[in-house]
Amino acid sequence: MTRVVVLGAGPAGTSAAIALRRAGYEVVLVDPAGVTAGESVPPSITTALGLLGLGTAELDREHPRSLGTASEWGAPGLAHRDYLLDGLGPGWHLDRARFDRMLRATAVAAGAVLVPDRHRAASRTPSGWSITCRATRLTADVVVDATGRRAAFATARGARRWFADRLVGVTAIVPDPSVRGHVVLEAAENGWWYASPQPGDRSVIAWLSDVDLLRRDGCARPAPWLAALRRTRHIGAPPDEPALTVRDARSHLLVPDAGRDWIAVGDAAMALDPLSSAGIAEAIRSGVLAADLIATRRLGHERGLGRRFADYLRQRRDLYRLERRWISPFWTRRWAVTTPRPR
Ligand SMILES: Cc1cc2nc3c(=O)[nH]c(=O)nc-3n(C[C@H](O)[C@H](O)[C@H](O)COP(=O)(O)OP(=O)(O)OC[C@H]3O[C@@H](n4cnc5c(N)ncnc54)[C@H](O)[C@@H]3O)c2cc1C
């Protein structure tokens, strides 16, 4: 039986594992169990989970519903977008750790073997791959790189990420007893904020800015971050300085994104601006598509990711162009046509 080793058990890796098991492959899923903050998903998550044969009953049990977005973007005052009024169905404010556990449990129930380890290196053997993890050594006929934005396997094989920006997210989970069903977005001179409710009277609050501006303003440190949050109009600040997590949020495209016996999926292949709120649903779709390419022996065939990335960059530019209140580096960089660069 063909053995596929899937490196990374986030939404992309677990989805590939579930689809591959259902297609009859032997699947080993490797992940040291990463920690992820809470995130919100729009109604399109329902279609993505449907590709895995999963409904939304568990989402409704474990995660609060997201009613839409309330954003101050381009003009003063909050503009509401209501998913239900638009006839799209609900979204959800995910506890990411719980959501990922649910997908991992589904993959294991489908017969995937979960190895709690971190991939370190890989080398070719006459029949496939030898994968070295911290404590384990594995062999594989095909490798799926689902390690997230770092694309650890593919970049070690020489693939390069073409970056469109230098966006970074500085996030905190804070107590928040207010009842809010919407994700709140608020643009500011040097970036933008979002607040997303979480289970258990908490919210995730994130400041998105470019890495050079973050260094200049010191906003990766709790005191300046909190001072900047207190200047927002629609996002409540916690009384004390919270612990902050800094997350890479750059948009990138991996080139090449696959070879004859490996494929990158999810953020490893193409990472999107969190403004899109589309990363998780896209990761699931990408994992399912990769399983289909493996099962139909079309690995290495053009997936059209370059074209999709170019379309995405145009849509992203149009969204950022809606905000014209500040002539500052953060915004003017995003109004121009972006040429991605390898790094
Ligand atoms: C600040 C910020 C906010 C965001 N908000 C949203 C949002 O609200 N909604 C939304 O849909 N998306 C959001 N996203 C995007 C979303 O997080 C990603 O698109 C999504 O998690 C991609 O899934 P993935 O499975 O490709 O990668 P990940 O979720 O990153 O999973 C990668 C997995 O690989 C594992 N791993 C890493 N290295 C190794 C290794 N060497 N060996 C084995 N395993 C490894 C990690 O432990 C992890 O479990 C946000 C992103 C950022 C940066």
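The values are calculated or read from the model by the stated rules, or taken from the named source; none is laboratory data. Nothing here was measured: the structure is a model prediction, and the numbers come from that model. Here Cβ is always computed from backbone atoms with ideal geometry, including for glycine, and neighbour counts include all displayed protein chains. To get the accessible areas, we keep the full protein, side chains included, count just its heavy atoms, and leave off ligands, DNA and RNA. Shrake-Rupley method; radii C 1.70, N 1.55, O 1.52, S 1.80 Å.
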Using a 7 Å offset from the Cα along the Cα-to-Cβ direction at both R308 and R221, what is the distance between the two label points in nm, to one decimal?
4.1 nm
Relative contact order in percent for region 1-83 (Cα pairs under 8 Å, 6+ apart) equals 21 percent
Ellipticity estimate at 222 nm from DSSP helix runs (n ≥ 4, -39,500 (n - 2.57)) divided over the chain, nearest 500
-9000 deg cm²/dmol
Dipole of the chain, Cα-centred, from +1 at each Lys and Arg C-beta and -1 at each Asp and Glu C-beta, to the nearest 20 debye?
1080 debye
Measure out, as a whole number of angstrom, how far apart the alpha-carbon centroids of region 1-40 and region 217-239 sit.
37 Å
Write down the accessible area per residue of the chain in Å², having rolled a 1.4 Å probe over the full set of protein chains.
45 Å²
Sparsely packed GluC sites (Glu not before Pro) within region 1-84, loop by DSSP, other Cβ within 10 Å at most 10:
none
With springs connecting C-alpha atoms under 10 Å apart, model the chain as a Gaussian network and identify which of A57, A140, A151 has the largest mean-square fluctuation.
A57
Provide the percentage of antiparallel DSSP beta bridges, counting only those with both residues in the chain; round to the nearest 5.
75 percent
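Identify the trypsin sites (Lys or Arg not before Pro) of region 213-272 meeting these criteria: DSSP loop state and at most 13 other C-beta atoms within 10 Å of the C-beta.
In loop regions of region 213-272 (DSSP not H, G, I, E or B), the sparsely surrounded trypsin sites (Lys or Arg not before Pro) are R231, R233, R260.
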Contact order normalised by length for the chain, with contacts defined as Cα pairs under 8 Å and 6 or more residues apart; what percent is it?
23 percent
Students often get this wrong: which residues of region 164-202 have the backbone nitrogen under 16 Å from the point 7 angstrom along Cα-to-C-beta of R325?
184-195
Given +1 on the Cβ of Lys and Arg, -1 on the Cβ of Asp and Glu, and no further charges, what dipole in debye does region 107-245 carry about its Cα centre, rounded to the nearest 20?
560 debye
Kindly sort D257, D201 by accessible area of their heavy atoms, largest first, with the probe set to 1.4 Å.
D201, D257
Under a plain spin-label model, where a point goes 7 Å from the Cα along Cα-to-Cβ, how far apart in nm are H301 and S276?
2.3 nm
First compute the accessible area of the chain with a 1.4 Å probe, then give the percent of it belonging to carbon and sulfur atoms.
52 percent
